[in-house]
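To keep things clear, I will list the structure first and then write my remarks on it.
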Amino acid sequence: MGLFSFVKNAGRSLFGKDEEAAAPAAAAATAGPSPAEVAALNNRKQAARLVQFVQGLGFGVESLNVRVDGDTATVSGTVGTQADREKIVLAIGNTAGIAAVDDNLEVSNPEPEATFHTVERGDTLSGIAKKYYGKGSKYMVIFEANKPLLENPDKIYPGQVLRIPPLAD
């Protein structure tokens with residue numbers, strides 16, 4: 001699918017303050033690992049946490065691999081459906097500290113792609129449904145399309161990116 005942009009400081013926090021503070025602290029130290037070595041170690045830790053998080057969501061993904069370089073995550077592997085592909089990209093991108101996701105996932109059973117919507121202040125699922133489907137009452141389609149990333153249709157936040165799937169005929 002390509003490279004997707006996200007709001008870096010919005011989303012679920014998987015990375016502790018230690019990762020954020022470690023690189024500058026290491027740069028100030030005269031002994032020990034170089035700042036580049038500390039950054040590389042933090043990138044590997046973040047990638048491992050993202051893999052664990054995605055696997056915990058229960059998507060059918062084989063050979064999942066996530067690589068983090070600064071605020072960009074690259075994800076690869078094979079998924080069964082386009083919906084799982086999109087949800088994995090969103091799960092990673094809607095994580096605080098990640099500004100972009102380079103999607104290299106392969107889909108076993110290709111389907112039409114969903115549209116992505118970045119939530120703005122004042123948005124509701126019914127308002128988003130009205131925008132894309134013409135009817136606010138279709139908000140549950142969006143809610144269901146974003147499970148398990150959404151646990152409650154009333155809990156969305158500015159900067160969050162949501163899947164807006166095409167309506168079934």
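Any read-out appearing in this document is the output of simple, stated calculations on the displayed coordinates, not a laboratory observation. Note that the structure is predicted; figures quoted are calculated from it, not measured. Reconstructed Cβ throughout: ideal geometry from the backbone, glycine too, with neighbour counts over all protein chains shown.
Along the range 59-64, what does the Karplus equation 6.51 cos²θ - 1.76 cosθ + 1.60 (θ = phi - 60°) give for ³J(HN,Hα), rounded to whole Hz, x for Gly and Pro?
6, x, 10, 9, 6, 4
Quick one: how many lysine pairs in the range 59-161 have C-alpha atoms under 19 angstrom apart, if they're 8 or more apart or on different chains?
Summing the qualifying lysine pairs gives 8.
Taking only C-alpha pairs under 8 Å that are 6+ residues apart, what is the relative contact order of the chain in percent?
Contact order relative to length: 25 percent.
Placing unit charges on C-beta atoms (Lys and Arg positive, Asp and Glu negative, everything else neutral), compute the dipole magnitude of the range 115-164 about its Cα centre in debye, rounded to 20.
180
At 1.306 mPa s and 10 °C, plugging the Kirkwood radius over alpha-carbon pairs of the range 2-109 into Stokes-Einstein gives what diffusion coefficient in µm²/s?
The diffusion coefficient I find is 111 µm²/s.
Taking 35 Å as R0, compute the FRET efficiency from the Cβ-Cβ separation of Y133 and R44 and round it to 0.05.
In this case the efficiency is close to 0.25.
Hey, what did the range 115-164 get for relative contact order, percent, Cα under 8 Å, at least 6 apart? It would help to have the intermediate numbers written out before the result.
Numbers: 68 pairs, mean separation 25.7, N = 50.
Computed over the range 115-164, the figure is 51 percent.
Taking the Cα centre of the range 48-169 as the origin, how large is its charge dipole in debye, to the nearest 20, when only Lys and Arg (+1) and Asp and Glu (-1) carry charge on their Cβ atoms? It would help to have the intermediate numbers written out before the result.
Values: 12 positive and 16 negative charges, 92 e Å.
That gives a dipole near 440 debye.
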